[in-house]
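These notes concern the structure reproduced below.
The values are calculated or read from the model by the stated rules, or taken from the named source; none is laboratory data. Quick caveat, the model's predicted, so the values are computed rather than measured. Every residue, glycine as well, gets a Cβ built from its backbone with ideal geometry; the counts of neighbours run over all protein chains shown.
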Amino acid sequence: MDQLKMHSPDMTQQNIEKIRALFPNCVTESHTPDGSLRLAVDFDLLRQELSGSIVEGPQDRYHLNWPGKRQALLTANAPIAKTLRPCREDSVNFDTTQNLFIEGDNLDALKLLQETYLGQVKMIYIDPPYNTGKDFIYKDNFTSDQAAHELAASERTEEGTRLVANPEGNGRFHSNWLTMITPRLRLARNFLMRDGAIFVSCDEGEQPRLRLIMDEIFGQSNFIADMVWAAGRKNDSRLVSVSHEYIVCYARDSEYLRENKTTWRQRKKGLDEIYSQHDRLNRQHGNDYHAMTKGMKEWYRSLPDSHPSKAHKHYAHVDDRGLYFPDNISWPGGGGPKYEVLHPETQKPVKVPSRGWMTSDPKRMQQWIDENRVHFGDDENSVPCIKSYLKDKELQTPYSVFYQDGRAASKRLRTLMDGDLFDFPKDELVLQELVEMLTGGEDIILDFFAGSSTTAHSIMLQNAIDGANRKFVMVQLNEKITDGSAALKAGFKEISEVSRERIRRAGKKVLEGECHKDWNQDVGFRVLKVDTSNMADIYYSPDAIGQGNLDLLVDNIKPDRTEEDLLFQVLLDWGIDLTLPIRKDTLCGKTVYNVDDGALVACFDRNITEDLLKALAEQAPLRVVFRDDGFATDSFKINAEQMFKQLAPGTDVRAI
């Protein structure tokens, strides 16, 4: 019976497999330090294969390099023997939600999620730490000479955590940031669907280097736009007040978007209020369109200039087709035809636009009039307009500039959380626009620098509006909260705790408002925490056990791990959706976990009986897994495999 590997995928070996598919003669075998064989690339032969295009030797070439780049690439590809452990007490609606909140280092989380979400994520948004002279708290392994110096000078712990700030005057300032962000972006690219995209918030300090590294990882041809969030005027500079931030956007495959004629659209702002006012007037006046239009005009004039409905150039009129705005009926550019058009009431010629009519055919113009598609004034003294109906113009191409006052976002979060628990939070309304323009249905959205969970908040807001059932995956490091902060005074010990509480409160508030009837109202999240593997070291290196330590072979699972811990590591190893429903049954006196009605069945009890095996085989699940020591003897384990081959030949049987 095959055993599950129980560690994240080895990206280096996967890349070598891809090379072997193209150039099988360039892949050979080599010994690892422990003496085992692994696939390796013969780079001399590979250079020969690519000699028509590769830049050889020390010649000048266009590329981005920095101290630590090679280590960043190795860090991205290296496998880890870790897992995600479920935490029901921190979750909301654990058994029914399709959202995930992962606590731990996002580099570990990205590696663990590779097989589960490979090519499954529609949108990634991240707000990584900026280079402001402060430290990066992510515990990557540093192998540079400076790291050894910092360790000796007590500036860094042995685990790699910095103990002092990384000041801007440090010559390695940009290098450290690039070394931190590069492996995460490389892994993130694997998650995106072909029509997906990534959005990265950044200030002007690292925006040029972010563009270069994303050109390298995602491809320059996949660059979409440098979006700008104009967050409001700041008074924190003696020279220029920098009041904006960037949101750098890259598609996973822009050519695929072009081939499929994919468009990104946003719904125009202020429409909900206009439609609501129309409904009120319709109940009041029925089909009296003149009275309804008059009511729309009076309502529109009563709105403050800052109201989003006033973004439209004119108040909405009403006819039997619905709401419309009078729009320009003249020839674009000037020089258009000028013929006589009669007013339908006075039967006198109306004023002709100075640029002429938008159609050169008088018969076509008359057809528009007969179809009630032309808006006339009270008499012939005004130029008619073409009717532009809201139902046909609700969507627009997104703009690259977002005007949202950052102070308003801080105020909303302060009210929601009863205090200033986060400095400079992102605006959930800006992110909601990104979510709206790119995603829908049951799309998955990933944020692996979750921070205050603004992304999760924005997703719930948009789902409540359009009735989609988007799902989120938030990842946040369990960073300790500094002494004296408002969050610590409020009783929170780690950033991840505040992040989850924001989702709880935001979800509750969204449900209190008006929600689309088609939305499943999923505001929960299943919490999983990054931890060391459930498997003892013996599982990964059985040859390292000496004669005197044979007792370690009795149990290859750590004693503090639960059956549900084991289940989730199996889900990870098999690449099964981590949000699928899980049912806990008792069958033949044993505990059996059934994931999504047969996608996976697991029993981690010992002393597996023949009756249980037969009962499980009769269910014919797609996959079944047992503990390796759950079988009394090796022969019984072999018999178990044979039983499934006979009764459920389509079932994949494994052991841990």
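This table checks each residue for (1) closer than 21 Å to residue 559 by Cβ; (2) surrounded by 16 or more Cβ atoms within 10 Å (Cβ to Cβ); (3) not hydroxyl-bearing (Ser, Thr, Tyr).
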position	(1), (2), (3)
599	no, yes, yes
605	yes, yes, yes
608	yes, yes, yes
621	no, yes, yes
624	no, yes, yes
630	yes, yes, yes
633	no, no, no
641	no, no, yes
651	no, yes, no
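Can we say residue 629 is of a type in the set (D, E, K, R), outside any strand (DSSP E or B) and closer than 30 Å to residue 119 by Cα? Here the answer is no, as residue 629 does not meet what is asked. Taking (1) within 18 Å of residue 432 (Cβ to Cβ); (2) surrounded by fewer than 23 Cβ atoms within 10 Å (Cβ to Cβ); (3) touching a strand residue (DSSP E or B) at 6+ places or on another chain (Cβ under 6 Å); (4) among the polar types (S, T, N, Q) in turn, residue 478 satisfies each apart from (1).
Among the residues of the range 320-363, those identified as surrounded by fewer than 13 Cβ atoms within 10 Å (Cβ to Cβ) and under 30 Å from residue 309 (Cα atoms) are 320, 332, 333, 354.
Consider the range 424-474 and keep the residues that are within 22 Å of residue 513 (Cα to Cα) and in contact with a Leu (Cβ under 7 Å, 6 or more places away or on another chain). The one that is surrounded by the most Cβ atoms within 10 Å (Cβ to Cβ) is 455. On the basis of being at pLDDT 85 or above, in contact with a strand residue (DSSP E or B) (Cβ under 8 Å, 6 or more places away or on another chain) and not charged (D, E, K, R), does residue 329 make the cut? In short, yes. Restricting the range 480-525 to residues that are closer than 22 Å to residue 104 by Cα and among the aromatic types (Phe, Trp, Tyr) leaves a set whose member that is modelled with the lowest pLDDT is 492. Summed over the range 175-229, the residues that are touching a residue at least 40 places away in the same chain (Cβ under 8 Å) and within 22 Å of residue 424 (Cα to Cα) give a count of 17.
In the range 363-377 there is no residue that is of a type outside the set (Lys, Arg) and under 41 Å from the mean Cα position of the chain (by Cα). Checking 388, 410 one by one, the residue that is under 30 Å from residue 326 (Cα atoms), surrounded by fewer than 23 Cβ atoms within 10 Å (Cβ to Cβ) and small (Gly, Ala, Ser) is 388 and no other. The single condition among (1) surrounded by 14 or more Cβ atoms within 10 Å (Cβ to Cβ); (2) at pLDDT below 95 that residue 199 does not meet is (2). Across the range 382-400, not a single residue is classified as within 30 Å of residue 494 (Cα to Cα) and aliphatic (A, V, I, L, M). Go through the residues of the range 278-299 one by one and say whether even a single one is surrounded by 15 or more Cβ atoms within 10 Å (Cβ to Cβ), among the aromatic types (Phe, Trp, Tyr), more than 22 Å from residue 374 (Cα to Cα) and at pLDDT 80 or above. Yes, that holds for at least one residue. Test residue 265 against the criterion of being within 21 Å of residue 430 (Cβ to Cβ), at pLDDT 80 or above and not β-branched (Val, Ile, Thr), and give yes or no. Yes: the conditions hold for residue 265. Evaluation of residue 150 against the conditions (1) at pLDDT 90 or above; (2) closer than 22 Å to residue 206 by Cβ; (3) not in a loop (DSSP other than H, G, I, E, B) shows that the sole unmet condition is (1).
Within the range 371-427, being within 22 Å of residue 485 (Cβ to Cβ) and outside any loop (DSSP other than H, G, I, E, B) holds for 406, 407, 409, 410, 411, 412, 413, 414, 415, 416, 417. Taking the range 233-261 as the range and being at pLDDT 85 or above, surrounded by 13 or more Cβ atoms within 10 Å (Cβ to Cβ) and not acidic (Asp, Glu) as the test, the residues that pass are 246, 247, 248, 249, 250, 251, 252, 254, 256, 257. Considering only residues in the range 408-452 that are acidic (Asp, Glu) and under 30 Å from residue 489 (Cβ atoms), the one that is farthest from the chain's Cα centre (by Cα) turns out to be 418. Checked against the criteria, residue 274 counts as β-branched (Val, Ile, Thr), modelled with pLDDT under 85 and surrounded by 14 or more Cβ atoms within 10 Å (Cβ to Cβ). Residue check: residue 602 meets all listed conditions (1) in a loop (DSSP other than H, G, I, E, B); (2) within 39 Å of the chain's Cα centre (by Cα) but one, namely (1).
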